[in-house]
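Notes follow once the structure below has been shown.
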Amino acid sequence: MTVTGRHGTDEAGALRALRDENASVRLRAALAAGSAPDPRVVEELVERCAVEPEFFVRDMLTWALTRHPVDDILPRLLVEVRSERAQARSQALHTLSKVGDRRAWPAIGRALLTDADDEVARSAWRTAVLLVPEGEEAALAAVLVTQLGRGGRETRLSLSRALIALGCAMAPALDTAKRASDPAVRAHALATERLGREPDTGFALALEEAKRVVALGGAGGGGKGA
């Protein structure tokens, strides 16, 4: 990033600090960038999100970006969700969820919702349910249910929460998933349904009980996959 203008020295120092080997220095630099927003450092903030190894620093970088005018950061984030780097996509999606500007919705397509990287997919699910336009919830649910059964516990819980956030719009897609040929998909669909109906039920318990139901031939197994 080219250093220009009478504040060039300060800008150069800020950029160096964001790249410092010490995580505490990077954290303070991100805090400073958010406390005194400057459009000249937006590019570096976005770039650091893609490579920053420490979660707490990435979180501060996201906060710093959200302190800038939306029109200064939105175009750059929309480019970043198409990055070849998984962390870049995931962190850009996370930042878009914090920004909450629905102009970002068209960028969150099937490719991101079904991304092979679990962290990217989870970020896409969370962001999609926040930004989905009225009337498109059922279509979003139809894509989300294609991911039932994937990943470990945290990934499955994230997907269940996203579907539940869509309310009654998820019902038709979830009913289809409950008849899928894959028992893992059926169990996840059943667990999601129960969690939506009984939110105090722990996900682990709901999933284990759903697996038992499926093992005993429940939920109409044997149909086409979701």
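Coordinate-derived values only; no laboratory data. For clarity, every value in this text was computed on a predicted model and none was experimentally measured. Cβ atoms come from the backbone with ideal geometry, glycine included; neighbour counts cover every protein chain shown.
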- prompt: Scanning the range 31-49 for residues that are under 24 Å from the mean Cα position of the chain (by Cα) and farther than 19 Å from E80 by Cα, which turns out surrounded by the fewest Cβ atoms within 10 Å (Cβ to Cβ)?
  reply: L31
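Please go through the range 175-189 and pick out each residue that is in a helix (DSSP H, G or I) and surrounded by fewer than 23 Cβ atoms within 10 Å (Cβ to Cβ). Explain how you work it out, then say what you get.
The initial filter retains those residues of the range 175-189 that are in a helix (DSSP H, G or I), namely 175-177, 183-189.
Hits for the range 175-189 are D175, T176, P183, A184.
Residue-wise test of (1) among the small types (G, A, S); (2) within 27 Å of L148 (Cα to Cα); (3) surrounded by fewer than 17 Cβ atoms within 10 Å (Cβ to Cβ); (4) in contact with a Lys or Arg (Cβ under 6 Å, 6 or more places away or on another chain).
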residue	(1), (2), (3), (4)
L61	no, no, no, yes
L65	no, no, no, no
E80	no, yes, no, no
S83	yes, yes, yes, yes
A92	yes, yes, no, no
L96	no, yes, no, no
D101	no, no, yes, no
A104	yes, yes, no, no
T114	no, yes, yes, no
- prompt: If only one of T127, T201, T155, T146 is hydroxyl-bearing (S, T, Y) and assigned to a loop (DSSP other than H, G, I, E, B), which one is it?
  reply: T201
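Each row is one residue, and each column tells you yes or no for (1) surrounded by fewer than 19 Cβ atoms within 10 Å (Cβ to Cβ); (2) under 22 Å from D101 (Cα atoms); (3) in contact with a Cys (Cβ under 9 Å, 6 or more places away or on another chain); (4) hydroxyl-bearing (S, T, Y).
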position: W125; (1), (2), (3), (4): no, yes, no, no
position: L140; (1), (2), (3), (4): no, yes, no, no
position: Q147; (1), (2), (3), (4): no, no, no, no
position: R150; (1), (2), (3), (4): yes, no, no, no
position: E154; (1), (2), (3), (4): yes, no, no, no
position: I164; (1), (2), (3), (4): yes, yes, no, no
position: P172; (1), (2), (3), (4): yes, no, no, no
query: For P69, are the conditions met, namely being surrounded by 16 or more Cβ atoms within 10 Å (Cβ to Cβ), touching a Pro at 6+ places or on another chain (Cβ under 8 Å) and not hydrophobic (A, V, I, L, M, F, W, C)?
result: no
